[in-house]
1. Using a Förster distance of 22 angstrom, determine the FRET efficiency expected from the C-beta separation of K177 and S148, and round it to 0.05.
2. Where does the chain land on Rg(C-alpha)/(2.2 N^0.38 Å)?
3. Could you tell me which residue out of I131, T248, H168 lies farthest along the dipole of segment 35-281 toward its positive end? Charges go on the beta carbon: Lys and Arg +1, Asp and Glu -1, centred on the Cα centre.
4. Go through segment 104-118 residue by residue and turn each phi into a ³J(HN,Hα) via Karplus (6.51, -1.76, 1.60, θ = phi - 60°); whole Hz please, and just put x for glycine and proline.
5. I want the antiparallel fraction of DSSP beta bridges within the chain, as a percent rounded to 5.
6. Rank these for me by crowding, V98, V133, going from fewest to most other beta carbons within 10 Å.
7. Run the numbers for N95 and K347: contour at 0.36 nm per residue of separation, minus the present Cα-Cα distance, in nm.
8. Relative to the compact globular guide of 2.2 N^0.38 Å, what is the alpha carbon radius of gyration of segment 71-161, as a ratio?
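Please treat every number below as a calculation from the coordinates, not as lab data. Bear in mind the structure is a predicted one, so any value in this text is a computation, not a measurement. For neighbour counting, all protein chains shown are included, and Cβ atoms are generated from backbone atoms with ideal geometry for every residue, glycine included.
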Amino acid sequence: MPSKSVLAEKILEGLRTVLPNPQLGYGLHEPSFDAEEVSLTKECIESGWISYRSQFVDQFEQMLAEFLKVPYVISTVSGTAALHIALLALGLKPNEEVLVPALTFVATTNAISYCGAIPHLVDSCEENLGIDVEKLNEYLKKNTQLNSNGQLVNKNTGNLVKGIIPVHIFGHAVDMKPLCELATQYHLWILEDAAESLGSLYENSYTGTLGTIGVTSFNGNKIITTGGGGAVLVKDPELAKRIRHLSTTAKVAHPWEFWHDEVGYNYRMPGVNAAIGCAQLRKLQRFLENKRKLASAYQDIFKDFDEITYFKEPHYCKSNYWLNAILLKEEYKQQKDLILEHLNQHKIFSRGVWVPMHKLPAFGKTPRMDLNTAENLYDRIINLPSSPSLIQ
Ligand SMILES: *Cc1c(COP(=O)(O)O)cnc(C)c1O
């Protein structure tokens, strides 16, 4: 077995074929802009309409709806706000439970907590890094039952379990067909967290359009960005109307009267951000192609390594490869921090995956199943620089 520095050095050497310049810093995921972002932002500012009432907001929502082939898009100030408003529109109430992977970005579980509801943590699988559907099914069989109203009850807490949030980690789709079957069987809605997977396909459909509702994010490090921003993707017209209303301070349209018919939220994306988004969306197809090229270049580097595997998209998915990931084999997982330290010292800004939610103070006592695979993946994942500009 090679000594610790030997493996870190071997990975660094391999990476130099894709990230060749020792003087340059390679960020984890940097945005790509050109003159178009500047000119559309200028146009927006000069129009005087920079809030959510800008025509750029309508245009951005329409372009995104057309790209994803989804009937309704409501753009929001962040992906987190999109998750929150989607959960409210689905009718989530305090003390109800939502099934969510322990291995996700904290936004997913935070949004559940904003509703006063309870994240119920689910284990991941190695095939797609998302929800392990088979394990979840076995768990629900033992730990839940349908009550006389056809609602799912957690036998251990007595709370209702209302829905599932699958997260398409690093752009790789969860296996949605069996998950949708499970959701139907247990009377649960599905809210897809497609924050990382804009443009990824599950079979022939874009992720975010397969569940009851989907959300995505345009944060600065996502595949396309509006600075900060997100969107809710909806098929049902009533649900879309409700989301638009709730996220626009629940204001009833009127030329001068301020009438709000319930507590609403100021969550709509401003026009300035949408203008950047319009420019970015025109490049999405090119970014997707670049990212798949970059992924195959990384795959080439690591194909002869015995110590690690390069994480490849599942067979049913065409991934956007938002973040490239390598997995340390079991015997090498102790070296994760050493490898990260070595790469970061050489300005290759790689990182590990998020600390699983049950390890965070806010979610330490939340209900959960055994989370062995999530914990094991945390020990073994390293993300590599993945900006679309790294390859032409
Ligand atoms: C980025 C991200 C979000 C949304 O984050 P915002 O920064 O609020 O846009 C939600 N879930 C996951 C898994 C994410 O990676």
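1. Efficiency for this residue pair is about 0.15.
2. For the chain, the normalised Cα radius of gyration is 1.01.
3. Value computed over the given set: T248.
4. Values per residue, Gly and Pro as x: 7, 6, 4, 3, 5, 6, 4, 4, 5, 5, 4, 8, x, 8, 10 Hz.
5. Within the chain, antiparallel bridges account for around 65 percent of the total.
6. Final ranking by Cβ density, sparse to dense: V133, V98.
7. Net length gain for the segment: 86.2 nm.
8. Rg over 2.2 N^0.38 Å, computed on Cα atoms: 1.17.
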